[in-house]
Ligand code: DC
């Protein structure tokens, strides 16, 4: 089986680009952030503090997180319920960030991610795919963009939903999240030594996809 690992900070365009690449190759796209979001959501639904290890860790043996595919789209199941939409809401993002800092949560989701990659050719995106989950991936991409550009993209996305947010506030959030992601003890965000750095600051979506497909072709040929 073949695997492409795409890691990088929030807002670099990972999920959109990874989905497009998977579709071009006819491979499975695996969004691993959705798994952390599902664990976070389970904590929220039980009304516990998702930043507390004492509250979250006892939940792990009681919950079941699964991935399935419907019409080619990844769906996330929490205890059999499709929570693919619920995990996108803001509280679930916060909760995901909290639980993803806990090593036990990462261990709990590790087997599931590896098993999918054993059974399918995958394009998997996350923070630790090239470094921890699939260190054997044939292609590793570290996708990034300047914080200002990521904040601008986020501002545009929100504006499309009719939500106006101050640019400086978004920029501060982006920088804070970068710092948190790269300074946590459990699987901090870092570029794998054999990953190729792709900076999309000055590239649009098509250009980013083309650049990565080119790398994939070179690596797999
Ligand atoms: O990519 P995302 O925003 O959906 O990820 C949700 C949270 O999970 C985010 O705080 C980073 C974390 N995450 C992680 O620690 N490791 C991964 N492989 C994927 C996501």
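The values are calculated or read from the model by the stated rules, or taken from the named source; none is laboratory data. Fair warning: this is a prediction, and the values are worked out from it, not measured in the lab. Cβ coordinates were reconstructed from backbone atoms using ideal geometry, including for glycine residues, and neighbour counts include every protein chain displayed.
Do we find that residue 115 is modelled with pLDDT under 95 and over 16 Å from the mean Cα position of the chain (by Cα) in this structure?
Judged against the criteria, residue 115 is not a match.
List the number of the failed condition for residue 50; all other conditions in (1) out of contact with any helix residue (DSSP H, G or I) (no Cβ under 7 Å at 6 or more places or on another chain); (2) assigned to a loop (DSSP other than H, G, I, E, B) hold.
It is condition (1) that residue 50 fails.
Which one is surrounded by the fewest Cβ atoms within 10 Å (Cβ to Cβ), of the residues in the range 72-102 that are in a helix (DSSP H, G or I) and more than 12 Å from the ligand (Cβ to nearest atom)?
Among those residues, the one meeting the criterion is 91.
For residue 186, work out the one condition from (1) buried (at least 16 other Cβ atoms within 10 Å of the Cβ); (2) modelled with pLDDT under 95; (3) not in a helix (DSSP H, G or I) it doesn't fulfil.
Unmet for residue 186, out of (1) buried (at least 16 other Cβ atoms within 10 Å of the Cβ); (2) modelled with pLDDT under 95; (3) not in a helix (DSSP H, G or I): (1).
Considering only the range 202-221, state which residues are under 21 Å from residue 146 (Cα atoms), surrounded by fewer than 17 Cβ atoms within 10 Å (Cβ to Cβ) and either at pLDDT below 90 or within 19 Å of the chain's Cα centre (by Cα) (or both).
205
Determine if the range 170-177 includes at least one residue that is more than 16 Å from the ligand (Cβ to nearest atom), at negative phi and either surrounded by fewer than 19 Cβ atoms within 10 Å (Cβ to Cβ) or modelled with pLDDT under 95 (or both).
yes
Taking the conditions exactly as written (within 15 Å of the ligand (Cβ to nearest atom), modelled with pLDDT of 95 or more and surrounded by 22 or more Cβ atoms within 10 Å (Cβ to Cβ)), does residue 33 satisfy them or not?
no
Going by the conditions given, is residue 180 in a helix (DSSP H, G or I) and without any contact (Cβ under 8 Å) to a residue 40 or more places away in the chain?
So residue 180 does not fit the description; no.
Could you please find all residues in the range 117-141 being more than 9 Å from the ligand (Cβ to nearest atom), part of a helix (DSSP H, G or I) and surrounded by fewer than 21 Cβ atoms within 10 Å (Cβ to Cβ)?
118, 119
Can you name every residue in the range 103-116 that is crowded, with 17+ Cβ neighbours inside 10 Å and away from the ligand (no atom under 11 Å from the Cβ)?
If the condition is that a residue be crowded, with 17+ Cβ neighbours inside 10 Å and away from the ligand (no atom under 11 Å from the Cβ), then 108, 116 are the ones that fit.
What's the number of the only condition in (1) within 22 Å of residue 200 (Cβ to Cβ); (2) within 17 Å of the chain's Cα centre (by Cα); (3) away from the ligand (no atom under 13 Å from the Cβ) that residue 24 fails to meet?
(2)
Buried (at least 19 other Cβ atoms within 10 Å of the Cβ) and in a loop (DSSP other than H, G, I, E, B): is that true of residue 192 in this structure?
Criteria met by residue 192.
In the range 183-216, which residues are within 30 Å of residue 104 (Cα to Cα) and either free of Cβ contacts under 8 Å to residues at least 24 places away in the same chain or within 16 Å of the ligand (Cβ to nearest atom) (or both)?
183, 184, 185, 186, 187, 188, 189, 190, 191, 192, 193, 195 - these are the residues of the range 183-216 that are within 30 Å of residue 104 (Cα to Cα) and either free of Cβ contacts under 8 Å to residues at least 24 places away in the same chain or within 16 Å of the ligand (Cβ to nearest atom) (or both).
Before we move on, is residue 18 closer than 27 Å to residue 173 by Cβ, assigned to a loop (DSSP other than H, G, I, E, B) and touching a residue at least 24 places away in the same chain (Cβ under 8 Å)?
Taking the combined requirement at face value, the residue does not satisfy it.
How about the range 142-155: which of its residues are more than 13 Å from the ligand (Cβ to nearest atom) and in a helix (DSSP H, G or I)?
147, 148, 149, 151, 152, 153, 155
Could you identify the single residue in 159, 192 that is farther than 14 Å from residue 10 by Cβ and modelled with pLDDT under 95?
159
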